[in-house]
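Have a look at the structure below, then the notes.
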Amino acid sequence: MRESMEFDVVIVGAGPSGLSTAIRLKQLNADLNVCVLEKGSEVGAHILSGAVFEPRALNELFPDWQELGAPLTTPVTKDEVYLLKGEQGEREIPHALVPKPMVNDGNYIISVGNLCRWLAEQAEGLGVEVFPGFAAAEILFHEDGSVKGVATGDMGVSASGEQLATYMEGMELHARYTVFSEGCRGHLGKQLIERFNLDQGKDPQHYAIGIKELWQIPADKHQPGLVIHGSGWPLEDASGGFFLYHGDNQQVMVGLIVDLNYKNPWMSPYEEFQRLKHHPLLAQYLTGGERVSYGARAIAKGGWNALPSMTMPGALLVGCDAGTLNVAKIKGTHTAMKSGMIGAEALAQVLADESKAWDSTFAQLFDASWLKEELYQTRNFAPAMHKFGTLLGGAFNFVDQNLFKLPFTLHDTSLDHAQLLPADQAPKIDYPKPDGKLSFDRLSSVYLSNTNHEEDQPCHLVLKDSTIPTGENLTRFAEPAQRYCPAGVYEIIEQDGGPKLQINAQNCLHCKTCDIKDPAQNITWVTPEGTGGPNYPNM
Amino acid sequence: MKVLVGVKRVIDYNVKVRVKSDNTDVDLANTKMAMNPFCEIALEEAVRLKEAGVATEVIAVSVGTSASQEQLRAAMALGADRAILVETDEVAEPLHVAKAFAKLMEQEDIGLVMLGKQSIDSDNNQVGQMLAALTGRPQGTFASKVVVEGEQVTVTREIDGGLRTVRLALPAIVTADLRLNEPRFAKLPDIMKAKRKPLATTNFADLGVTVKQSMRLDRVDVPSVRSGGVKVESVDELISKLKDEAKVI
């Protein structure tokens, strides 16, 4: 029998949505017993986002956030959008032609990791128990099928599954309600969506991978508050876009987002990003600078059409674990926070009055919120990009978002993992070698993520069928995991005269791309031992 | 017997250390901090002594800013009974720490001091030795085994080329090496309980310790990057490169 603890509400994941849920719960009822589990070694360690932050939800959560010292120090001062024409040229899109949701007046350039560190302090101040270093590994159910809570993973188990001297059995956390806020493609959220058919009648979720670097740049090139977005080169077959934000302390955040419905198995989002930085538009800021950090994370971008039901008996899905990102704004933090706050309001009501129905209480609050309105209004944005491509899709979105609200809904019912062409039918891509100044190899990048996993533990990337990587995946698709993984976790090596898949699980950045993009859906990402994974500073 | 354990807040061992752009120090802004790994080993040993009925109380002590409370709470989650923070915003030099510990040894009637052999940030390896000198008590440094029997402690020390076993009269100072034990993980209920364990705050002045900054940090530099080698086609090319480029012959 595992030991157990009882709470009113257990929250899985200390990101913007989970922490906002916890804070709002305690604001509404200080007597509630609330805890937050976080698999990272500290709050913020696994948080990676652009980010340009819209403060709408934070204004509601803490109207006095300025006095409380929230880390929003760099207001957006200038907003530029470009279409890159090739290795050299670009065209700036005039402000008036930019779809409204992409305009950033009143927003801030922030580190969402630091925002979460601050939110966790506020939560603890309100009496929330925050437990970093503990991974929720398993969902617990009551006999009637409702969610009972979660269990943390065992610690001190060897790679072969034996108990080591440091073995510590996982613990059960029982709750009246459990909130899952693991971020995009949470491994428990994925199980819940399947078990409770939460995505029934919805479009399939769509994903992208975001790769980000933090740079320290020379003072004379730094323009705090400058926001640059763009698309076009180097992504030729895939949709996506890049960002470059000038934060405070001479730091610049630069990144590339690549939609995971790309078709060419030779495509490497990592190397696309590396060569992107050589474009003069970006290189003008980065040259002479130093890379401080590196990381990657998948993004759920299906929006309204793909948003699953968020409630189930005894539990709630919030934030990117459900998929509340507003893809038209390229922002998910304010919507994630709001989803958690709505969840907390509904939870406070049903915890106070057990006769209230959980599903409808949440649904009523959600439907009346600006979050619903925002997601509904931008429902066509991503499908338009997928259907018509970046250029025509962009034009469609300009009309839809700025001129008329078009009275119909576009759907994208394709599955991201089923899009790859056979390797022999797709052009190979010849990526330039990194120069060590603007572009770098994978391993030196992974080093900057400060990622670490206890070496002697079971592999947390589980193959359903161990023959697929060197079978169909290799012969048909040249094993794309070697290229889509931004951390070099998957390598095909020669052993005993044949190919073998080597999984370097200790490099893993917890981005979840493999779980999403593997064409055979053969890779399941499960939580490694708590505290494992990246240790991002300021990301 | 009461055991005093030193706990230092240092940059996490997983984090790549960066130097500030003006070279004045390493950059600690928003980086993950943790308990010094050698302090963790010292603490584990103290907690095991208590579990074995040898120690009656384990007191975790840190010298540093108020942020060090986080590491003291972690120490109490791992089994320390209470904690004392000697709060200072100045850089705490090894001698300052040793002086504070010496006072606390006296005030708290400490039987055994368990320290890490060194901290992974400054790598000084001095506090244990200085504390022994200041208090006139015996020291067993680089311990890989600690056995307390009656009024004595037997310490197996890791020395160059072997092990050396010393027997010390208590009160004594022991510093932990890597192989002394493997620290446990903190349990969730213990983390919650640790929040309610007593944490006292004091400072150098209240302890009657005068501190003088005797060190000044002038500059921190990143190690120079080793440039990659080149392959030469012929012996002649090698000789010309050694002559003209490397200028070694």
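The values are calculated or read from the model by the stated rules, or taken from the named source; none is laboratory data. Values in this document were obtained by computation on a predicted structure and should not be read as measured data. Every residue, glycine among them, receives a Cβ derived from its backbone with ideal geometry; neighbour counts consider all protein chains shown. Areas reflect the complete protein model, heavy atoms only, side chains present, ligands, DNA and RNA absent. Shrake-Rupley method; radii C 1.70, N 1.55, O 1.52, S 1.80 Å.
Pairing chain B with chain A buries about 2300 Å² of accessible area. This figure sums both sides and uses a 1.4 Å probe. If only the Cβ of Lys and Arg carry +1 and only the Cβ of Asp and Glu carry -1, the dipole of segment A:170-279 around its Cα centre is close to 160 debye. Per the Debye calculation on segment B:91-136 with a single equal scatterer at every Cα and no solvent contribution, log₁₀ I(q)/I(0) for q = 0.14, 0.20, 0.25, 0.28 Å⁻¹ amounts to -0.31, -0.61, -0.91, -1.09. In the structure shown, the pairs A:Lys26/B:Lys193; B:Lys8/B:Lys103; A:Lys85/A:Lys277; A:Lys26/A:Lys202; B:Lys2/B:Lys103 are assessed against 22 Å; a Cα-Cα span above that value is assigned to A:Lys26/A:Lys202.
Full extension of the chain between A:Leu463 and A:Lys428 gives 9.9 nm of extra length, using 0.36 nm per residue less the Cα-Cα distance. What residues from segment A:324-357 fall in the zone where the backbone N is under 18 Å from a label point 7 Å along the Cα-to-C-beta line of A:Thr409? A:324-328, by backbone N distance to the label point. Applying 1/(1 + (r/R0)^6) with r as the Cβ-Cβ distance of A:Glu138 and B:Arg219 and R0 = 41 angstrom yields a FRET efficiency of 0.20.
Under a 5 Å amide H cut-off, with hydrogens placed 1.01 Å from N, A:Ala315 pairs with A:Val147, A:Thr178 among residues at least 5 apart or on other chains. Note on segment B:2-245: antiparallel DSSP beta bridges, both residues inside, total approximately 40 percent of the bridges counted. Name the residue from A:Asn538, A:Met312, A:Leu19 whose Cα lies farthest towards the positive end of the charge dipole of chain A, charges +1 on Cβ of Lys and Arg and -1 on Cβ of Asp and Glu. About the Cα centre, the residue reaching furthest to the positive side is A:Asn538.
Here the label points at A:Glu491 and B:Val230, each 7 Å from Cα along the C-beta direction, are separated by 2.8 nm in the simple model. When the Cα gyration tensor is reduced to axis lengths a ≥ b ≥ c, the ratio a/c is 1.5 or higher for segment A:331-391, and with a/b above b/c it is classed as prolate.
Counting 0.36 nm for each residue step from B:Val26 to B:Glu182 and taking away their Cα separation leaves a gain of 53.2 nm.
Remark on the protein assembly as shown: A:Cys35, A:Cys116, A:Cys459, A:Cys485, A:Cys508, A:Cys511, A:Cys514, B:Cys39 stand apart, with no other cysteine beta carbon under 4.7 Å. The label-point distance for A:Ser160 and B:Ser66, in a model that sets each label 7 Å from Cα toward Cβ, rounds to 5.2 nm.
Compared with the rule-of-thumb size 2.2 N^0.38 Å for a compact globular protein, chain B has a Cα radius of gyration ratio of 1.24.
The charge dipole of segment B:2-245, taken about its Cα centre with unit charges on the Cβ atoms of Lys, Arg (+1), Asp and Glu (-1) only, comes to about 640 debye.
Considering segment A:167-244, its Cα convex hull presents a mean projected area of 11.6 nm². Shape verdict for segment B:171-213, please, from the Cα gyration tensor: rounded (a/c under 1.5), prolate (a/b greater than b/c) or oblate. Oblate, because a/c is 1.5 or more while a/b does not exceed b/c. What the Cβ-Cβ distance of B:Thr154 and B:Glu57 gives, at R0 = 22 Å and to the nearest 0.05, is a FRET efficiency of 0.50. For A:Lys512, the lysines whose Cα comes closer than 21 Å to its Cα, not counting residues fewer than 8 places off in the same chain, are A:Lys39, A:Lys190, A:Lys212, A:Lys263, A:Lys301, A:Lys331, A:Lys464. Across the alpha-carbon set of chain A, the Rg to Rh ratio works out to 0.95, Rh being the Kirkwood radius.
Taking a virtual spin label 7 Å from the Cα of A:Gln521 along the C-beta vector, which residues in segment A:165-198 bring their backbone nitrogen under 18 Å of it? Taking a point 7 Å out along Cα→Cβ of A:Gln521, the residues of segment A:165-198 whose backbone N falls under 18 Å are A:185-198. Full extension of the segment from A:Asn29 to A:Glu60, taken as 0.36 nm per residue of separation minus the current Cα-Cα distance, would add 9.5 nm. Taking label positions 7 Å along the Cα-Cβ direction at both A:Glu80 and A:Ala219, the computed distance is 2.2 nm, reported to one decimal. Computed about the Cα centre, the dipole magnitude for the protein assembly as shown is approximately 720 debye when only Lys and Arg (+1) and Asp and Glu (-1) carry charge, each at its Cβ.
If R0 equals 41 Å, the separation of the Cβ atoms of B:Glu108 and B:Arg164 corresponds to a calculated FRET efficiency of about 0.90.
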